[in-house]
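Have a look at the structure below, then the notes.
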Amino acid sequence: MSAARRLARAGAFAVACFVIVGPLASLAIWSLAERWTYPSPWPQRFGLRYWQRVVSGDFLEPLRLGVVIAVIVTVLALAMAIPLGYALARLTFRGRTVILLLFLLPQAFPQLPVFASATREFYRFGLAGTVAGVVLVHLVGGLVFAVWTMTAVFRSMAVELEEAAWNLGASTTRAFVGVSLPLAGPGIVASAVLVFLYSLDEFTGTLLVGSPFVTTLPVYMYTASLGYELQIASVTAIVLMVPGAALLLLLERFLKTEYLVFFGQV
Amino acid sequence: MLGAVFLWPLGVSIVASFTHDGAPSLASYETVWRLYMRDVVYTVAVAAAGTALTFAAAIPACGWLRLYAFGPVEFLLKVPLFVPFVVVGHALRVALNPYAPGLASSWAGIALALAWKHLGLAALLLLGAFRGVDESYLEAARNVGAGTGRLTRDILVPMAAPALGVSAILIFSSMLASFSIPLMMGRGSGPQMLMIDVYYRFGQHGDFATAAALGVVAYLLAMGAALVYVRRLTA
């Protein structure tokens, strides 16, 4: 490799680091800044005080609640999306396009006005401010992710394998459980991870429907930043980023582009 | 399920926006016209600036990556995909605050944060499109002496133009409908992003009809994205 090429690479990497890592690094610096006032370019005093306060304080409950909600949402979304995705990928039936379109709507339209309207409807049924209400609202986005990824997964599998099972006398159900489902395993895991992270990071719907009783980490972070507790919010932001970062590192090869596109929406 | 939690509230909000005291009325839209036109223009302008900024960064970056594949930079470009909107809003706020107080809550700060978040998506879509351009065209241009800049501007961008257009529509609509980023960046004085208006109109004023009308305006502005999705599905 020529010296010029090497220099270009180093330059591109430096610029990308500054642009991408810069704002994330400032989260880390803020989380350690015990005192930082304008116009000092650097915190006047560093320390772990805010990390200690967060970890020993009221931060664990939103984390626990967020994980519980995310698990429920993931299980429910996949339970519905696996059969539906299989049907959408394998069968041609009337209304197939309409169903696919329906599962794009939440993606294509601004969500906040719809969630505001949903909150108002939820009040009538006593669902506003409850965990059940938040689960329902997360299921909208979760189902969109799950149905589209599962449809893509089943579509990418060769139908010949199922046909072989049918030819050997397996019923449709047997072929689905014995052949299709195990083959779709990695895709199901990817889909589950996607839905779980979506639910864990979801903010808008949780803020509207969950308020004031259901506080997950993103809502906790917003409340902290509203009270100018920038350090507390920064610690929370870092904790919120960890699952996504782990996913990026672990699944970079494994996640296909079409799943990644969905990620941009979280 | 989706019907109950998405379609039904969507329908209710559209009907409510055309109703006043139980009778059909355009009163909510008059309120929008009277109080929020400036915010509509502001929102479109911020989303347009954010989209322009995203492309100004993503086109040279992806052009370079298409010509000289370099894993570490490609990885960095995709990182924003995995950082949630709320976190991006807060991160850009605390990154800008110590050096330029006031910038974060301004239109430029919001556009910058939106561009940062959408860089990941743009990189994904643009790299895909650029990699679809046949190597022989690039080879031919290289033989007559074209450098990285010329190859990107005169070969990659024109040949990937349809994909670039679709990406721009998707990113613009997403920015238009963004709520968590402007919310986390802080509310400066002056005009606000549309979703912030919907939130406060609904939450603090308890004025659902006007909030719904603002929502309908946002649906119409985001129609481009909806059409892109529909065309992709029926194609």
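The values are calculated or read from the model by the stated rules, or taken from the named source; none is laboratory data. Bear in mind the structure is a predicted one, so any value in this text is a computation, not a measurement. For neighbour counting, all protein chains shown are included, and Cβ atoms are generated from backbone atoms with ideal geometry for every residue, glycine included.
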Next on the checklist: Just to verify a result, which residue in the range B:69-83, among those that are at the interface with chain A (Cβ under 7 Å from one of its Cβ atoms) and not in a helix (DSSP H, G or I), is farthest from the chain's Cα centre (by Cα)?
Outcome noted: B:F70
Checklist entry - Which residue out of B:A111, B:A95, B:A91 is buried (at least 21 other Cβ atoms within 10 Å of the Cβ) and closer than 19 Å to B:A47 by Cβ? => result B:A111
Item to check | Tabulated pairs, the range A:1-23, first part of a helix (DSSP H, G or I), second surrounded by 10 or more Cβ atoms within 10 Å (Cβ to Cβ) and among the β-branched types (V, I, T), C-beta under 6 angstrom, 6+ apart or interchain | outcome: A:A12/B:V73; A:F13/B:V73; A:A16/B:V73; A:I20/B:V79
Checklist entry - Does A:S40 qualify as being at pLDDT below 80 and over 30 Å from B:A100 (Cα atoms)? => result no
Next on the checklist: Consider the range A:145-186. How many of its residues are under 11 Å from A:G85 (Cβ atoms) and hydroxyl-bearing (S, T, Y)?
Outcome noted: 3
Checklist entry - Which ones in the range A:24-54 are surrounded by 13 or more Cβ atoms within 10 Å (Cβ to Cβ), within 14 Å of chain B (Cβ to nearest Cβ) and of a type in the set (G, A, S)? => result A:A25, A:S26, A:A28, A:S31, A:A33
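For the range B:133-221, list the helices (runs of 4 or more DSSP H) that sit wholly inside it and hold at least 1 residues that are more than 14 Å from chain A (Cβ to nearest Cβ), within 22 Å of the chain's Cα centre (by Cα) and not β-branched (V, I, T); which are they?
Numbers: elements: B:135-143, B:161-176, B:180-185, B:194-203, B:208-221.
Correct list: B:161-176.
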Checklist entry - Considering the range B:73-103 alone, what residues qualify as being over 21 Å from A:L240 (Cα atoms) and in contact with a helix residue (DSSP H, G or I) (Cβ under 6 Å, 6 or more places away or on another chain)? => result B:V73, B:E74, B:L103
Checklist entry - With respect to the numbered conditions (1) within 12 Å of another protein chain (Cβ to nearest Cβ); (2) part of a helix (DSSP H, G or I), which one is the sole condition not fulfilled by B:G102? => result (2)
Checklist entry - Within the range A:231-266, which residues are within 7 Å of chain B (Cβ to nearest Cβ), part of a helix (DSSP H, G or I) and either surrounded by fewer than 22 Cβ atoms within 10 Å (Cβ to Cβ) or modelled with pLDDT under 85 (or both)? => result A:M241, A:G244, A:A245, A:L247, A:L248, A:T257, A:L260, A:V261, A:F263
Next on the checklist: If I ask for residues that are within 14 Å of chain A (Cβ to nearest Cβ) and hydrophobic (A, V, I, L, M, F, W, C), which ones from the range B:41-58 would you list?
Outcome noted: B:V44, B:A47, B:L53, B:A56, B:A57, B:A58
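Taking the criterion of being over 28 Å from A:S199 (Cα atoms), surrounded by fewer than 20 Cβ atoms within 10 Å (Cβ to Cβ) and not hydroxyl-bearing (S, T, Y), would at least one residue in the range A:144-157 satisfy it?
Narrowing the range A:144-157 to residues over 28 Å from A:S199 (Cα atoms): none.
So far as the range A:144-157 goes, no, none of its residues is over 28 Å from A:S199 (Cα atoms), surrounded by fewer than 20 Cβ atoms within 10 Å (Cβ to Cβ) and not hydroxyl-bearing (S, T, Y).
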Next on the checklist: Among the residues in the range A:31-52, are any closer than 24 Å to A:F196 by Cβ, of a type outside the set (D, E) and out of contact with any strand residue (DSSP E or B) (no Cβ under 6 Å at 6 or more places or on another chain)?
Outcome noted: no
